[in-house]
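Colleague: Structure provided below as structure tokens; questions to follow.
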Amino acid sequence: MSIDDEIGEWRRTHYTSQLDSRLDNEHVTLMGYIASIRDHGNIVFVMLADKDGEVQLVFKRGKEVSNNSNSESISIPFFKVKSLKEHSCIAVKGKVKVSPNAPRGVEVVPEELKVLSLARSIPPFSVYSRTFPNLDLRLNLRAIDLRRYYMRAIFRIRHKVLKAIREFLDKEGFIEVNTPKIISTASEGGASLFPVFYFDREAFLAQSPQLYKEQLVTAFEKVFEIAPIFRAEPSRTNRHLAEAISVDIEEAFADYKDVMNLLERMITYTIEYIVKNANDELRIVNPMLTIPKTPFPRYTYDELIDMLRKNGYSIEWGDDLSSEHLTFLGRVINGYYFIVDWPSSIRPFYTKNNGKIAEAFDLMYNDLEISSGSSRINKKEELIERLKIQGLRVESFEYHLKVFDYGMPPHAGFGLGLERFLMTIAKLDNIRDATFYPRDIDRLIP
Ligand code: AMO
């Protein structure tokens, strides 16, 4: 038989984070889930967690009979306390007591208890466990996995990172836009597209907002979008998702050096914001986070090719850097750094170049690429030429090319992978922990 209660007229008076010694002897109503239970027979300690923190509840046997005149008496049948399981959702009305030994310096002695949802199963990890190696098991129970304080800290940092980025770009005069995610043509080359049925036609999920954000600079000059990008990445790595969040910006009357400076300032602004405003979370995930020094080092592609060759790697000019190359570079160069002036043949068709070298950059953190960007081609004929060189069908891009007939300003921009940036801030080994339900070649459910 279920003992679940209804919330009824009860409403929370405080979050656990608001409880302190100034509330000694006050009556409070708390709600949340049970983080842990220590049962000592006649006394049961329950840690009640809510979105911001936790507090200890002390249930004592023997004070459970009430229903008479004494309103101070406690009316909780002890079998109800004994039936509690971790993760159950409860509400209590009770009295705050100063208790120097309790985790918050206060505890709460409940006088009434509602079991709003009694847990039927207990996950195989505690909310206090920092790591739990079986990722599949965690992902199958992801909503509950996020109750772990470690995961909660990551997601709270994620929220603050987004807040800081929006704040920064707003101050810089950018406006936030949204562009279609169902599209007719590739923007980043054809290989990694997800096809979808679109009424009676074939369409694709957007790999990036690239062409649309370029078009938007004609009217707004400075735009940004924070939205999903879709990549049919068949590889199983710790840094690729099939659905990721990209922070995209595009700016008119600017080149790649301008947007590199902007990106560098955006990174440091965000990290400074996190260092100042996410103390509790950093203590759990990355207490050593420091604000990186600027300017970030800039290496040309040529310099790195030389460095790789001198260290025994065989690489032809024009080859992309492989994960093996990046692993080596990440060991030699630490923290954030730019790789600039790439061969144009390995950059997307819209990248401005002199025929050989592209005005393009990647922002790296050790061996991890977290952003890439470039100056863009703003002349129609040049863009048509690049489409042909890269073997793309010019007709498929007519809708985009025609915008260039009406005065397209010089412009530049970048895309920053939110989950990858979060990996650097929260020191994550696996990108899957930077997102709720990672989509990859093996995972479509939940
Ligand atoms: P690019 O393809 O390099 O550039 O993507 C930009 C950034 O997005 C992130 N990213 C990913 N993150 C997780 N999983 C993936 N599969 C994945 N793919 C990309 C990376 C990467 O640096 N249109 C250009 C950007 C621009 O020039 O404005 C673009 O999409 O952090």
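The values are calculated or read from the model by the stated rules, or taken from the named source; none is laboratory data. In this text, all values refer to a predicted model and were calculated from it rather than measured experimentally. Here the Cβ is made from the backbone with ideal geometry for all residues, glycine too, and neighbour counts use every protein chain on show.
Colleague: Is there a residue in the stretch 187-202 that is in contact with an Asp or Glu (Cβ under 8 Å, 6 or more places away or on another chain), within 30 Å of Asn353 (Cβ to Cβ) and near the ligand (Cβ under 9 Å from one of its atoms)?
Modeller: Checked against the condition, which is being in contact with an Asp or Glu (Cβ under 8 Å, 6 or more places away or on another chain), within 30 Å of Asn353 (Cβ to Cβ) and near the ligand (Cβ under 9 Å from one of its atoms), the stretch 187-202 yields at least one hit.
Colleague: Could you tell me how many of the residues in the stretch 232-276 are in a loop (DSSP other than H, G, I, E, B), small (Gly, Ala, Ser) and over 22 Å from the mean Cα position of the chain (by Cα)? Working first, answer last.
Modeller: First, pick out the residues of the stretch 232-276 that are in a loop (DSSP other than H, G, I, E, B): 232-242, 253-255.
So of that shortlist, the ones also small (Gly, Ala, Ser) come out as 232, 235, 242, 254.
In the following step, the residues that additionally are over 22 Å from the mean Cα position of the chain (by Cα) were identified as 254.
So the count comes out to 1.
Colleague: Next up: Could you list all residues from the stretch 203-227 that are within 12 Å of the ligand (Cβ to nearest atom) and of a type in the set (Asp, Glu)?
Modeller: Glu214, Glu225
Colleague: For residues that are within 10 Å of the ligand (Cβ to nearest atom) and within 18 Å of Glu359 (Cα to Cα), tally how many sit in the stretch 376-422. Before you say what the answer is, go through the steps one by one.
Modeller: The initial filter retains those residues of the stretch 376-422 that are within 10 Å of the ligand (Cβ to nearest atom), namely 376, 412-421.
Now narrow it down to the ones that are within 18 Å of Glu359 (Cα to Cα): 376, 412-416.
So the count comes out to 6.
Colleague: Of the residues Thr185, Thr218, Thr179, which is modelled with pLDDT under 95 and either among the β-branched types (Val, Ile, Thr) or farther than 21 Å from Leu387 by Cα (or both)? Steps first, please.
Modeller: Values: Thr218 fails: modelled with pLDDT under 95; Thr179 fails: modelled with pLDDT under 95.
Exactly one residue qualifies, and that residue is Thr185.
Colleague: Can you list residue pairs whose Cβ atoms sit under 6 Å apart, with the first residue in the stretch 196-211 being closer than 25 Å to Leu416 by Cα and of a type in the set (Phe, Trp, Tyr) and the second being assigned to a loop (DSSP other than H, G, I, E, B) and more than 9 Å from the ligand (Cβ to nearest atom)? Count only pairs 6 or more apart in sequence or on different chains.
Modeller: Phe204/Leu193
Colleague: With respect to the numbered conditions (1) within 14 Å of the ligand (Cβ to nearest atom); (2) modelled with pLDDT of 95 or more, which one is the sole condition not fulfilled by Arg166?
Modeller: (1)
Colleague: Tell me yes or no: at least one residue of the stretch 363-386 is acidic (Asp, Glu) and within 21 Å of Ile229 (Cα to Cα).
Modeller: The answer is yes; a qualifying residue exists.
Colleague: With the structure loaded, tell me whether Ser375 is in contact with a His (Cβ under 8 Å, 6 or more places away or on another chain) and either crowded, with 16+ Cβ neighbours inside 10 Å or in contact (Cβ under 8 Å) with a residue 12 or more places away in the chain (or both) or whether it fails that test.
Modeller: Working: in contact with a His (Cβ under 8 Å, 6 or more places away or on another chain): yes; either crowded, with 16+ Cβ neighbours inside 10 Å or in contact (Cβ under 8 Å) with a residue 12 or more places away in the chain (or both): yes.
So Ser375 fits the description; yes.
Colleague: Quick one: Lys310 ticks every box in (1) touching a helix residue (DSSP H, G or I) at 6+ places or on another chain (Cβ under 8 Å); (2) free of Cβ contacts under 8 Å to residues at least 12 places away in the same chain except a single one, so which number is it?
Modeller: The single condition Lys310 does not satisfy is (1).
Colleague: Then there is this: Helices (runs of 4 or more DSSP H) wholly in the stretch 111-226 with at least 2 residues that are out of contact with any strand residue (DSSP E or B) (no Cβ under 8 Å at 6 or more places or on another chain) and closer than 17 Å to Arg432 by Cα - which ones?
Modeller: Working: elements: 135-140, 142-145, 149-171, 210-220.
Filter on the stretch 111-226 gives 135-140, 142-145, 149-171.
Colleague: In the stretch 177-218, which residue that is acidic (Asp, Glu) and more than 18 Å from Ser371 (Cβ to Cβ) is farthest from the chain's Cα centre (by Cα)?
Modeller: Asp200
Colleague: So is Glu221 more than 16 Å from the chain's Cα centre (by Cα), among the acidic types (Asp, Glu) and within 25 Å of Ala360 (Cα to Cα) or not? Even if it seems obvious, please write down each step before you answer.
Modeller: Details: more than 16 Å from the chain's Cα centre (by Cα): yes; among the acidic types (Asp, Glu): yes; within 25 Å of Ala360 (Cα to Cα): yes.
Spelling it out, Glu221 is indeed more than 16 Å from the chain's Cα centre (by Cα), among the acidic types (Asp, Glu) and within 25 Å of Ala360 (Cα to Cα).
Colleague: Within the stretch 246-264, how many residues are small (Gly, Ala, Ser), closer than 21 Å to Arg298 by Cα and within 12 Å of the ligand (Cβ to nearest atom)?
Modeller: Restricting attention to the stretch 246-264, the residues satisfying the condition of being small (Gly, Ala, Ser) are 246, 252, 254.
Adding the requirement that they be closer than 21 Å to Arg298 by Cα leaves 254.
Restricting the remaining residues to those that are within 12 Å of the ligand (Cβ to nearest atom) gives none.
The total comes to 0.
Colleague: Quick check on the stretch 326-375: of everything there that is of a type in the set (S, T, N, Q) and in a strand (DSSP E or B), which residue is farthest from the ligand (Cβ to nearest atom)? Explain how you work it out, then say what you get.
Modeller: From the stretch 326-375, those of a type in the set (S, T, N, Q) are 327, 334, 344-345, 351, 353-354, 366, 371-372, 374-375; that's our starting set.
Applying the additional criterion that residues be in a strand (DSSP E or B) yields 351, 353, 371-372, 374-375.
Working: Thr351: 8, Asn353: 13, Ser371: 5, Ser372: 4, Ser374: 5, Ser375: 10 Å.
Taking the candidates together, the pick is Asn353.
Colleague: Then there is this: Pairs only if they're at least six apart or on different chains, beta carbon under 8 angstrom, first in the stretch 9-21 and closer than 18 Å to Ala102 by Cα, second surrounded by fewer than 16 Cβ atoms within 10 Å (Cβ to Cβ) and small (Gly, Ala, Ser); list them, first residue then second.
Modeller: Close Cβ pairs satisfying both conditions: Asp20/Gly105; Ser21/Gly105.
Colleague: Surrounded by fewer than 16 Cβ atoms within 10 Å (Cβ to Cβ) and within 11 Å of the ligand (Cβ to nearest atom): which single residue out of Pro234, Pro295 fits that description? Full working, then the answer.
Modeller: Details: Pro295 fails: within 11 Å of the ligand (Cβ to nearest atom).
Of the residues listed, the single one that is surrounded by fewer than 16 Cβ atoms within 10 Å (Cβ to Cβ) and within 11 Å of the ligand (Cβ to nearest atom) is Pro234.
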